[in-house]
1. Roughly speaking, what is the centre-to-centre gap between the stretch A:480-527 and the stretch B:209-279 when only Cα atoms are used, to the nearest Å?
2. From the backbone phi of the stretch B:115-125, what are the Karplus-calculated ³J(HN,Hα) couplings (6.51 cos²θ - 1.76 cosθ + 1.60, θ = phi - 60°) in whole Hz, Gly and Pro given as x?
3. Angle check, please: helix B:103-113 long axis (alpha carbons) against the longest principal axis of chain B (alpha carbons), in degrees 0 to 90, nearest 10.
4. If you take the alpha carbon radius of gyration of the stretch B:233-345 and divide it by 2.2 N^0.38 Å, what ratio comes out, to two decimals?
5. Figure the gain on full extension for B:ASP136 and B:VAL256 (residue separation times 0.36 nm, minus the Cα-Cα span) and round it to one decimal in nm.
6. Work out which chymotrypsin sites (Phe, Trp or Tyr not before Pro) in chain A are exposed loop sites (DSSP not H, G, I, E or B, at most 11 other Cβ within 10 Å) and give the longest gap free of them.
7. Tally up the carbon and sulfur contribution to the accessible surface of the stretch B:13-239 as a whole percent, 1.4 Å probe, everything protein left in place.
8. Work out the P(r) tail for the stretch A:47-133: percent of alpha carbon pairs separated by more than 18 Å, whole number.
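The values are calculated or read from the model by the stated rules, or taken from the named source; none is laboratory data. Computed from a predicted structure; not experimentally measured. Cβ placement follows ideal geometry from the backbone for every residue including glycine, while neighbour counts extend to all protein chains displayed. For accessibility, only protein heavy atoms count, side chains too; no ligands or nucleic acids. Shrake-Rupley method; radii C 1.70, N 1.55, O 1.52, S 1.80 Å.
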Amino acid sequence: MSAARARSQGLLRLWPLLPALLLLGIFMVYPVADLLSLSFTDQAGRISIQNLALFMQRPVYARVLQSSFLISAYTTVICLVLAYPVSYYLASSAERVRSNLLLVVVMPFWTGFLVRTCAWLILLAPSGPLTQVGVWLGFQNVKLAYNLTGVLIGMSQALLPLAVLNMLPVMLGIDRNLLPAAAIMGARPAEGFWRVYFPLSLPGVAASGLLVFISALGFFITPTILGGPQETMIAQLIIVQIQELLNWRFAGVLSLVLLISALVVYYAYDRILGMSTLVGERAQPGRSRLSRLFDSSLARLGAGALGLIGRAASGMGLVLARLTPAPLRRPGRALQTTLVALILAFLMLPTLFVIPVSFTQSTFLDFPPRGLTLRWYEEFIHSQAWMSATIRSLYVAAIVAVTSMLLGGATAFTLARESFYGKKLLLALVLSPLILPRMVIAVALFYLAARLHFAGTDLALVIGHTIIAFPFVVVTVMVGFQGYNRQYDRAAAILGAKPSRTLLHVTLPLMRSSLAAAAIFAFMTSFDDLNIALFLTGGEQNTLPKQMWSAIILQATPILGVASTVLLILISAFLLASEVVRRQGVIRRRRAGAAA
Amino acid sequence: MPSEPQRHDTTNFKLRLTNVSKRYGHSDALVNANLVVSKGECVTLLGPSGSGKTTLLNVVAGLLPPDEGEVWIEDRLATHLPAYERDIGMMFQNYALFPHLTVYDNVAFPLRMRRERGARLRERVGAALAVVSLADKAHRMPSELSGGQQQRISLARALVYEPSIILMDEPLAALDKKLREQLQLEIRRIQKRLGITMLYVTHDQQEALLLSDRICLMNNARIEQVGSPDDLYFRPRSVFAADFIGDSNIFPAEVVTMSAGQACLRGPGGSTLQAATDLALKSGDKVQVMIRPERLRIGTPGQATELDDNCVPATLLETTFLGEATRYYASGPTGETFVSKALAGASSGVAPGEPVLLTADRDSIIVLSPDRDGR
């Protein structure tokens, strides 16, 4: 076989990557580039920096940018402080307890920012129960909503699960013998914690901080609903530019700013800790010497920085250990349990308030509900807008689950099994929809769809949702492959199975729990999305989150409570289904392990 | 419990356990353990997995509170002292080096916990690293070192603060055979030279024989026998002890007469065996008897000097050549298999199927006390 033929066959192996690459290329990379390049042109299409200059000159934009960063920073700090004890508790619990508590953490994450913000609107409103409690406790001028307090409460609750999910793996990776070892060498519990456990958990804290900060930066739901004018964030400005002013060029500038902000933070993280740690993939060897040199010096700098933080924490440990009040030095498990229960209650309980509100007789979202009626459920069922939105959400999500599984499955299988030049770069491209602010993807796709006259169609919605959903499938399936023994494939091949039969009869059945989890992930991503739907739906073509959003903005009636309850029930059902699937997978793997 | 540590009449011991028990639910993890470790002594806890040796170690370390009994460390009652106040050292199987600290900082850790600083700290860390011959690796991270080097750092870290006793939880189990043997010798050498008191957990009998001044043999949550390696090998008390350490021929016998520590037994095929024993036995008792293969001689009938006593007629089954030794398998009068091991070169000249005579010296015949489970 000639070398050229071998090489072309080598490339042919990679054909399953093609559909995903085409989708990303046509509907994400090109439109985003197009949108961003708009920033550098004027009305007549000539190259110009007048829009960029406008952004620089008007103090209002600097203020919005500043408040975006500040709100994100505050949210990050709150999330880290609350997530740390929860993660610590989960990491030190027995596995059974851990997986149950983890469900409590994950559930709100998928319940949707919209539903949860709705719940906070009820709780924090000037006449809402929490404000009343504050007044009853004797505080003057309790104002929990339409200000920074409201935004921070809503956003930190929204992003807390993300922080926990990213801290936990690092904490689980800390050798359980280290704390006993420190104690035997004479370290008191507080000293052992601050000098050993805390420095070792810092990479997890860093990863959580990064993801929370980046996600917070692109937020618009919470600041719109729970904030005042002072809390306007950059994503809100983008929406205004497009939906109200139709100023594409300036929307491009704002997208550019949002994108650059996110990329700068990501870049710093990648260089310090390595982006691959986020995907659980080890770094691939065989890259150019220059890039390795560049990497290693920066990585050393990063390791040095982390070491420095560790050292500082270690030194600070002594001081903190001395400052920790005696009763807290050995916080009994009961005390820890209470603290963690309170944090989890903050995560879980508020959302449930949407349910009673859906039965109120009044025409406002208020709590406690006045009387009981099914009137709003009737209205929901008889409303053309609400029902068609619910149905559209369901079938679009179902279609997206299928398309994402096809694209993401093919991509993950190829990436996990083949090794080729530029694989890391390709993985980065495939995962970029997770990294780019969704707002930017949505605006760019809208820009393309508007010019090609398919905005507002289900097709546009499916394309947009597939772009943001299939990378989750790639990640889930690739993680599944890490636990997959390739010997099975080789055994099947030696026993005479063709590749297609091996795939059908061996690989797919063994991977089924990963695949099921991935499909549910994709479905939920679509079902929950507001970013894409905000721009790519319109008129009577709404999805449920979009319909809810419009209702909140226009007129918040208890029908929102009904919609929230419906969303809550549907999502909980899917989540529990996925958990059942996951646990069956675990049990099956254990049995297989025991048999082997 | 009084806040002032109780004083104890000290007779040079570093560790003393009295009647220590630990239960998990309905299963015993440790029953009535009594053990004394003297200054400068290395005692190994040897036993199969689940025999309670790690439980015992964790009770000593303060990582597991005992249900009953007392733990004395030097002259302090330590039963309820937290780990960080016990002044002990420990080596773990997976090293448990702090991955975020350099080798130097790892070794300095226990000293810093004791508020040591400045030149004295540097000096002591340097000395400890010199003991394990790794002074040149002080500024490496643990992950940059090999498994053997990491375990030596872990040793340096355990001995740098001169704790009363160093506990070792199968520290060499993760290393390959050659490295393990090398480190066994090194640990033994350092322990002797510095006079370290050591409690060492292992399930490897060779390691226990090589390292220990005394072996504490454990089985089924109980201490089976405590004694020198020599004691355990040549004078096991129970069938378990005889079976667990080394190769052995174990067969049943019946006491015929018993006088002044001398037992006359009826062995296989009605043979008469004379053995010394301190067990309280009486005529008619059924016992188990053990002879080590290298103490069992094989000869042709007619060669034996003591024709009647301590001779068992048998048939040679098989001869296997092991290099430095030859092993003979023979079938006794009632079908039991005997193994005899002789240094190579002394060929018996007997072919399989021919009759042989098995003989043993009086002090090579060990009478075993019956096991608790009646075996």
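1. The distance from the Cα centre of the stretch A:480-527 to that of the stretch B:209-279 comes to 58 Å.
2. For the stretch B:115-125, the Karplus-derived couplings read 6, 7, 7, x, 4, 4, 4, 4, 4, 5, 5 Hz, x marking Gly and Pro.
3. Long axis of B:103-113 versus the principal axis of chain B: about 80 degrees.
4. Dividing the Cα radius of gyration by 2.2 N^0.38 Å gives 1.09.
5. 36.5 nm
6. Segment A:140-420 is the longest.
7. 46
8. In whole percent, the share of Cα-Cα pairs in the stretch A:47-133 beyond 18 Å is 71.
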